[in-house]
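One structure below.
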Amino acid sequence: EAGVAQSPRYKIIEKRQSVAFWCNPISGHATLYWYQQILGQGPKLLIQFQNNGVVDDSQLPKDRFSAERLKGVDSTLKIQPAKLEDSAVYLCASSKYRGTEAFFGQGTRLTVV
Amino acid sequence: GENVGLHLPTLSVQEGDNSIINCAYSNSASDYFIWYKQESGKGPQFIIDIRSNMDKRQGQRVTVLLNKTVKHLSLQIAATQPGDSAVYFCAETPTSGTYKYIFGTGTRLKVLA
């Protein structure tokens, strides 16, 4: 079974630029998560989808971050405009059902300079 | 991501010894817990989970213990191997509401040859 796919693996942008990350979850997984992991910390949930609906986006900085999962499969996370403090690894995860184990992709490492 | 665990608590263990990694969780409503292993440059990898109706669960070389009274979780790794070197995170979630996974701060395990 293929795992969670993310791209790109690395991205370097200047502050105030925009960036987008893509995630393809495990086939058949209804729940999709985007996490932000700052160096030396545990992952922090940004947004959670159940199929194509948002379940939790309470920690998403909505003035600059947006995410969508239009057909209930792939998802994109966008940052516009980026700030220096957005430098982190952005992890996508999926689970078959809510309340079951979540499987993570390798992440996208974003550096904002 | 890369350099995960740069500022995290570190546990150093001799190869072949047993390791015990501890985690205090915050939400008394959490009833599902997962241990993840994260190697440098990779996303978190599922190790073992436990639900709140259990005190102990065993896997291959790993055991998770749950003490709901003091909101404490531990991961025991038997006969620790060099490949066990990584950062370990516990994650908690209530299996109601949004089923949001909340990660702890992590512990870096170093296996000494």
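The values are calculated or read from the model by the stated rules, or taken from the named source; none is laboratory data. Bear in mind that the values here come from a model prediction, so they are computed numbers and not experimental data. Virtual Cβ from ideal backbone geometry, glycine too; neighbours counted across all protein chains shown. Ligands, DNA and RNA are excluded from the accessible area calculation, which covers all protein heavy atoms including side chains. Shrake-Rupley method; radii C 1.70, N 1.55, O 1.52, S 1.80 Å.
Quick check: from the Cα gyration tensor, does chain A come out rounded (a/c under 1.5), prolate or oblate?
Prolate, since a/c reaches 1.5 and a/b exceeds b/c.
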- prompt: If each of residue B:20 and residue A:63 carries a label point 7 Å out from its Cα toward its Cβ, how far apart are those two points in nm?
  reply: 4.7
message: Counting only other residues whose beta carbon sits under 13 Å from that of residue A:84, what net charge do I get with K and R as +1, D and E as -1?
response: +1
query: In percent, how large is the relative contact order of region B:74-113, given Cα pairs closer than 8 Å and 6 or more residues apart?
result: 47
- request: Report relative contact order for chain A in percent, whole number only (criteria: Cα-Cα under 8 Å, sequence separation at least 6).
  value: 37
message: Loop only by DSSP, 16 or fewer other Cβ within 10 Å of the Cβ. Give me the GluC sites (Glu not before Pro) in region B:5-110 that pass, ordered by residue number.
response: B:15, B:39
- line: Correct response: the longest run of chain A lacking exposed GluC sites (Glu not before Pro), defined by DSSP loop and at most 15 other Cβ within 10 Å, is A:15-113
- line: If each K or R counts +1 and each D or E counts -1, the residues other than residue B:79 whose Cβ falls under 15 Å of its Cβ total -2
task: State which entries of A:96/B:71; A:78/B:100; A:44/B:68; A:83/B:56 exceed 32 angstrom in Cα-Cα distance in the structure shown.
output: A:83/B:56
message: Within 11 Å, Cβ to Cβ, of residue B:27, how many net charges do the neighbouring residues add up to if Lys/Arg are +1 and Asp/Glu are -1?
response: 0
field: Selected from B:44, B:72, B:23, residue furthest toward positive end of dipole (region B:1-79; charges at beta carbon)
entry: B:72
- line: Residues hit by the 40 Å² burial cutoff in region B:86-113, accessible area with a 1.4 Å probe, assembly against chain on its own, are B:98, B:99, B:100, B:101, B:103
Relative contact order for chain B, counting Cα pairs under 8 Å that sit 6 or more residues apart, in percent: 37
For the protein assembly as shown, the spread of Cα positions along each principal axis, largest first, Å: 49, 38, 34
